[in-house]
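For reference, the structure is listed below as structure tokens.
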Amino acid sequence: MLAIVGMQHNQAVKAFGDRLRSHGMAPKAVVGACMHKLVLLIFGVVRSRRAFDASLAMPKLDF
């Protein structure tokens, strides 16, 4: 459920999921990949002890 909500409300995860979907990836695989992306983002926030910044999460995207 976290990955589905993340794809709806988090700009970085939404852009990541849309990109995977546009390349023809299966829907369950997209949810799994977004779940993995969220785990990596959470680990980065916890480890660096700084607030989440979408420009750091997906530097090539223009938010």
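The values are calculated or read from the model by the stated rules, or taken from the named source; none is laboratory data. These numbers were taken from a predicted model, which means no experiment stands behind them. Virtual Cβ from ideal backbone geometry, glycine too; neighbours counted across all protein chains shown. Ligands, DNA and RNA are excluded from the accessible area calculation, which covers all protein heavy atoms including side chains. Shrake-Rupley method; radii C 1.70, N 1.55, O 1.52, S 1.80 Å.
Annotation note: of V5, V31, V45, V39, the sole residue that is in contact (Cβ under 8 Å) with a residue 24 or more places away in the chain and not small (G, A, S) is V31. Residues that are open to solvent by 70 Å² or more (accessible area, probe 1.4 Å) number at least 2 in the following helices (runs of 4 or more DSSP H) confined to the chain: 2-9, 11-22, 27-48.
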